[in-house]
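Heads up, the thing below is written out as structure tokens.
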Amino acid sequence: MESPVSAFAVYKGNKKETSQKRKNRKTKNKNKSSVSPQIVTQDFREDVMKEIGLKLQRKQKKNKESKNIAKKKLHKKKKTKKSVKKLNVNVDKLNLSNRSSDTDEPPELVLESLNAKKYQIEEPKYDDETHSHSSNGSFEFTPVQTDSTEEGLKVFKWIIAPFSPEDFLDQIWEKKPLHIARKKPKYYSEIISTPSIDTMLRTENIQFTKNIDITSYINGKRETHNPEGRAHPHLVWDFYLNGCSIRLLNPQTYISRLHLLNATLQEFFNSFVGANAYLTPPDSQGFAPHYDDIEAFILQAEGKKHWRIYKPRENNEVLPRTSSKNFTDDEIGEPVLEVTLEAGDMLYFPRGYIHQGITIDGEHSLHVTISMYQKHAWADLFEKMIPAALQIAINENVELRQGLPFDIYDNFGLVHSDVNTPRKTEIDGLIKNLFDKIKDYLPINEAVDQMAKKFQQDALPPVLSELERAVTVYGDTDVMIENGKVTNRVEISLDTRIRLLRKNILRMVSEDNIRVYYHAENSLEYHGSELPFLEIEEDLAPAIETLITSYPEYVSVENLDVPNDTDKLQIADALWSRGLIMTEYPLENIDDD
């Protein structure tokens, strides 16, 4: 079985995040947000990247031509340039071997509802696919070729390994619980740990109720004990030592590893992927039995927790669209699955399955719940389609605008609900015939666009690797130095090859005008900022369509599907300045006259 190689592997080696430098340009978009994609530092130090940039600048050929001023856009004519792929770099500055491997035993898969099987799987090999070096000390810049959907699939494979995604989606997803026992205590240790939570409390402004809950469940009674204000470690750990559970709400806001994990997974699921983390002291329980409205993946990071899982009580609670109340034990019957999760184990259960967990054997428990598919059902799509279809049908079909029969009140309603008459049957047939005609007007494309727009509003901003940063607006370009001088200026030209930053980074929607919604600038807090958009003229829409349909391939700006070169450059610059595209190679610097 092929080993899943996860984008999460970039966190091997205790690498740190770098600060971001945003390019400041005038844009048409009036909607702005202060949070930009997060940067993950790979095996390049910033001084090395600067050295590479300087060598690119010296090596690349610059043919100056006169500048043309177009409407709202200052740009150069197309230049002939050669991309320099090999640069002399001191190999001692490049640490390409700082990768760790997990040497624990292969995981054991336990399926409670299927026959238990054992699988042998290969350990992930954390290869760096975006750069290489040769024995003579030269550096070759290899363009980013990854597909964000495939990267999301790799992370999903890693979470459920050794169970295959195909079998999981066919046999388990939305159907039944799954327990994977690995005997690999460090499998999820990179995602979250008790020291990382302590660091978060000390370095971030974590607020009770907003970011953290203090809970207990004793003698069938669930209580929340949140004080007001900031959650300092002294107070949080005092609650913990007195038997209270700690729930972290949306911890990906402050724990970068979770941000990377979720932002990568959402590309595969096409749905917002969130997380809550739960730290429970020994021999205690923090929550009453209940069910949720999300697909839940419990990733056990530390300690042990004993879980009881119960089937939905009634048919209308199968795949529910809202979470339940807190149940008592006599309301939920007998569990269909009862397991003890150990560090490295995974437990999945669909929305609607009642669950409760308790620590045992004097051990604490730390797990993170990865969740998705909240309000992402057919019902949610139809809620958007049917009202819109009715309005279209009313405008198009005069029958729907004709008056009701005089005797409809005499045949329908509470009083007449148990009465069957020939006239009632006739009117009933008429109503259903009219309703059948409404389905011919279902605006499926528009409704799907609105669902995708909601995803843009919900989604986490992407996490950029250092090499992605070097070919996006988030790189070290247009830097102001002393005496008010701006250096490292760059500019997209017609022969620049570009592609979208992520497959789902934007969505083009036809509303009153053509709008391009995107989540590159979303806040790390859920709905913490307004959804930004770029409003474009209709004749520029084919250029966006070219980039969407070409992904993950690069396309030259001159090949964008608009007739005017000025418009091609204008739309490319608008996407670049908002962090929505990357270039195949780092842009060369330009000289100002």
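The values are calculated or read from the model by the stated rules, or taken from the named source; none is laboratory data. What you see is a predicted model, and the numbers here were worked out from it, not measured in a lab. Note: ideal-geometry Cβ built from the backbone for every residue, glycine included; neighbour counts use all protein chains shown. SASA here: full protein model, heavy atoms, side chains in, ligands and nucleic acids out. Shrake-Rupley method; radii C 1.70, N 1.55, O 1.52, S 1.80 Å.
Kindly provide the set of residues from region 272-282 that are more than 18 Å from L341 (Cα to Cα), outside any strand (DSSP E or B) and open to solvent by less than 10 Å² (accessible area, probe 1.4 Å), ordered by number.
The answer is V273, and nothing else.
What about H306, is it touching a strand residue (DSSP E or B) at 6+ places or on another chain (Cβ under 6 Å), surrounded by fewer than 21 Cβ atoms within 10 Å (Cβ to Cβ), in contact (Cβ under 8 Å) with a residue 40 or more places away in the chain and of a type outside the set (V, I, T)?
When the stated conditions are applied, H306 passes them.
Going by the structure shown, is V273 touching a helix residue (DSSP H, G or I) at 6+ places or on another chain (Cβ under 9 Å), aliphatic (A, V, I, L, M) and without any contact (Cβ under 8 Å) to a residue 40 or more places away in the chain? Give the derivation first.
Numbers: touching a helix residue (DSSP H, G or I) at 6+ places or on another chain (Cβ under 9 Å): yes; aliphatic (A, V, I, L, M): yes; without any contact (Cβ under 8 Å) to a residue 40 or more places away in the chain: no.
Taking the combined requirement at face value, the residue does not satisfy it.
It is to be established whether one or more residues within region 363-382 are among the charged types (D, E, K, R), open to solvent by less than 20 Å² (accessible area, probe 1.4 Å) and within 41 Å of the chain's Cα centre (by Cα).
Scanning region 363-382, I find at least one residue that is among the charged types (D, E, K, R), open to solvent by less than 20 Å² (accessible area, probe 1.4 Å) and within 41 Å of the chain's Cα centre (by Cα), so the answer is yes.
So which residues in region 191-211 are touching a helix residue (DSSP H, G or I) at 6+ places or on another chain (Cβ under 7 Å) and either among the β-branched types (V, I, T) or exposed (fewer than 14 other Cβ atoms within 10 Å of the Cβ) (or both)? Outline the logic, then answer.
Our first condition is that a residue be touching a helix residue (DSSP H, G or I) at 6+ places or on another chain (Cβ under 7 Å); within region 191-211, this holds for 191-192, 198, 201-202, 206.
Those that are touching a helix residue (DSSP H, G or I) at 6+ places or on another chain (Cβ under 7 Å) and either among the β-branched types (V, I, T) or exposed (fewer than 14 other Cβ atoms within 10 Å of the Cβ) (or both): I191, I192, D198, R202, I206.
Determine which member of the set E129, E151 is out of contact with any strand residue (DSSP E or B) (no Cβ under 7 Å at 6 or more places or on another chain), modelled with pLDDT under 95 and either under 30 Å from S550 (Cα atoms) or crowded, with 20+ Cβ neighbours inside 10 Å (or both).
E129
What number of residues within region 448-485 satisfy the criterion of being surrounded by fewer than 16 Cβ atoms within 10 Å (Cβ to Cβ), assigned to a strand (DSSP E or B) and touching a residue at least 40 places away in the same chain (Cβ under 8 Å)?
Here the count works out to 1.
Just to be sure I understand the filter: pairs with C-beta atoms under 7 Å, separated by 6 or more residues or on different chains, first member in region 384-409 and touching a residue at least 40 places away in the same chain (Cβ under 8 Å), second member among the small types (G, A, S). Which pairs pass?
K384/A447; M385/A447; A388/A447
What number of residues within region 486-510 satisfy the criterion of being assigned to a strand (DSSP E or B), more than 30 Å from M451 (Cβ to Cβ) and open to solvent by 40 Å² or more (accessible area, probe 1.4 Å)?
Number satisfying all stated conditions: 2.
Please tell me if S324 is under 31 Å from the mean Cα position of the chain (by Cα), in a loop (DSSP other than H, G, I, E, B), of a type in the set (G, A, S) and surrounded by 21 or more Cβ atoms within 10 Å (Cβ to Cβ).
no
Grab the strands (runs of 3 or more DSSP E) fully contained in region 192-253, keeping just those with 3 or more residues being in contact with a Cys (Cβ under 8 Å, 6 or more places away or on another chain) and not aromatic (F, W, Y).
Correct list: 212-218.
Output yes when any residue across region 172-190 is closer than 21 Å to I358 by Cβ, open to solvent by 10 Å² or more (accessible area, probe 1.4 Å), in contact with a Ser or Thr (Cβ under 8 Å, 6 or more places away or on another chain) and assigned to a loop (DSSP other than H, G, I, E, B), and no when none is.
Within region 172-190, one or more residues are closer than 21 Å to I358 by Cβ, open to solvent by 10 Å² or more (accessible area, probe 1.4 Å), in contact with a Ser or Thr (Cβ under 8 Å, 6 or more places away or on another chain) and assigned to a loop (DSSP other than H, G, I, E, B).
Would you pick out the residues in region 404-436 that are open to solvent by 70 Å² or more (accessible area, probe 1.4 Å) and either in a loop (DSSP other than H, G, I, E, B) or among the small types (G, A, S) (or both)?
L404, F406, L414, V415, D418, N420
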